[in-house]
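Quick one: this structure, given as structure tokens, is what I'll be asking you about.
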Amino acid sequence: MSEWTTTRRSALTAMAVTIAFPAAARRGTTRPGVRPVTLIAGTYARESGKGVYPVTFDPAHDTWRVGTPIAGIDDASFGIGDGPGSAYYLVREGSTGQVSAYAPSWTRAGTAPTGGADPCYIALDRASACLAVANYSSGSVAFHRLDQRTGVPGEPTLFHHTGNGPNHDRQETPHAHWVGFSPDRHWLHSVDLGADTIFAYRFDPSARTLAEPVAAWRAPAGAGPRHLVRHPTRRIAYVVCELSNTLITLDARDDGSFFTRHMISTLPAGHRGASQAAHIAIDRAGRRIYVSNRGDDSIAVFALDGDGQPTLMQHIASGGSWPRFFLLIEVQRWLVVANERSGTLAILRVESDGRLTATGQTLAVPGAVFLGERQA
């Protein structure tokens, strides 16, 4: 058991608030092999969030609990763990963006500027101790070398995207929304919603450097690509487009570029009204993809065939309003949805075929925009 788990569980015993559920909703939640789970929920202060909230599941009592928020960590819209020294990284959104490293006890080990506005995603190459951050409003990527002992980020090297799209309200300038290192560690990719582009940076993990970006893929004009996931065994990637509400399947090439293979809507047939696709996740077997729709307030489930091509299986209500982010917890067979505008986390069960069912369990977390996992 980690120091972080021991510290947080002790604190939660004293300060956690149990969320009561109807008996019918609670029955059947506990299954053989289900273990305690600890999550953290990042929140927006402008939507009444008070910091980062610890959220735990206790299988002995079949209950979820939301703890007292950890003070002093405001507007944490994304995070990632397992850095050097067991550091956990959180960005702070704002006109002057920051990324901070936290020790297992949630003591802040160090903070660095991201060199741009509204950082919203982090990528970590653990072996080289390098970290990249997407600055949304600035359309830039910050590249940080980490202290290899403490994990504290150094001053960034900053790279700026170029380009725009036809949607004048959302694509007047570049808007970097996602970053990720390629499995072969030769590339860092950044998905830019404003430029309708995925950019590729040549990455040298030995020298701990990035080259200037080049366009690796162009989305259909006005699509607004947002987040990307990679197939676990095939040279395929999937990008969810916020503005066009589409899931696009891409072939990945050795030179860091992508080629469009297939497009499918993330929305139910006949949907009317505004909606914006948000987050995407793929299961470890490469059999199912999940996408959240804000406005339609649903989670779309896609089956992947042997060639990795998606087919719609299901739409299910997200359990709240504006599902910005969700966390797929496969060992426990849960999908936990952060519904930003309703300020709730909804617990959905992942069935054996990958479909989702509602449990009726909802937790109050004001302004919830991000979820990270820490298992006990």
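The values are calculated or read from the model by the stated rules, or taken from the named source; none is laboratory data. What you see is a predicted model; the values in this text were computed from it and never measured. No Cβ is skipped: glycine too gets one built from the backbone with ideal geometry, and neighbour counts run over all protein chains shown. With ligands, DNA and RNA removed, areas are computed over all heavy atoms of the protein, side chains included. Shrake-Rupley method; radii C 1.70, N 1.55, O 1.52, S 1.80 Å.
Keeping to segment 138-152, report how many residues are closer than 19 Å to GLY180 by Cα and open to solvent by 10 Å² or more (accessible area, probe 1.4 Å).
Adding up the residues that qualify gives 2.
Residues in segment 89-112 that are surrounded by 17 or more Cβ atoms within 10 Å (Cβ to Cβ) and in contact with a Ser or Thr (Cβ under 9 Å, 6 or more places away or on another chain): how many?
16
Now, a different point. Please give the number of the condition GLY273 fails out of (1) part of a loop (DSSP other than H, G, I, E, B); (2) free of Cβ contacts under 8 Å to residues at least 40 places away in the same chain; (3) touching a Leu at 6+ places or on another chain (Cβ under 7 Å).
Of everything listed in (1) part of a loop (DSSP other than H, G, I, E, B); (2) free of Cβ contacts under 8 Å to residues at least 40 places away in the same chain; (3) touching a Leu at 6+ places or on another chain (Cβ under 7 Å), GLY273 misses just condition (3).
Continuing with this model, one more query. Out of GLY295, GLY306, report the one residue that is of a type outside the set (D, E, K, R) and within 19 Å of the chain's Cα centre (by Cα).
Answer to the selection: GLY295.
Report those strands (runs of 3 or more DSSP E) wholly inside segment 149-251 carrying at least 1 residues which are charged (D, E, K, R) and within 21 Å of LEU312 (Cα to Cα).
Details: elements: 157-160, 176-181, 187-192, 197-204, 214-218, 225-230, 236-241.
It comes to 225-230.
Here's a follow-up. Go through segment 312-368 and tell me which strands (runs of 3 or more DSSP E), entirely inside it, have 1 or more residues that are under 25 Å from HIS177 (Cα atoms) and among the β-branched types (Val, Ile, Thr).
Working: elements: 323-329, 334-339, 344-350, 356-364.
Answer list for segment 312-368: 323-329, 334-339, 344-350.
Of the residues in segment 315-362, how many are in contact with a helix residue (DSSP H, G or I) (Cβ under 6 Å, 6 or more places away or on another chain) and open to solvent by 30 Å² or more (accessible area, probe 1.4 Å)?
The qualifying residues number 1.
ILE198 is checked against (1) under 14 Å from SER182 (Cβ atoms); (2) surrounded by fewer than 22 Cβ atoms within 10 Å (Cβ to Cβ); (3) among the β-branched types (Val, Ile, Thr) and fails just one. What number does that condition carry?
The single condition ILE198 does not satisfy is (2).
If you don't mind, there's one more thing I want to ask. May I ask you to list the residues in segment 260-313 that are at positive phi and either modelled with pLDDT under 95 or open to solvent by 10 Å² or more (accessible area, probe 1.4 Å) (or both)?
Across segment 260-313, the qualifying residues are GLY270, GLY273, GLY295, ASP297.
Here is a further query. What are the pairs with Cβ atoms under 6 angstrom where one residue, in segment 302-326, is over 20 Å from ALA269 (Cα atoms) and in contact (Cβ under 8 Å) with a residue 60 or more places away in the chain and the other, located anywhere, is of a type outside the set (Gly, Ala, Ser) and open to solvent by 30 Å² or more (accessible area, probe 1.4 Å)? Sequence gap at least six, or different chains.
Going by the 6 Å Cβ cut-off, the qualifying pairs are GLY308/ARG234.
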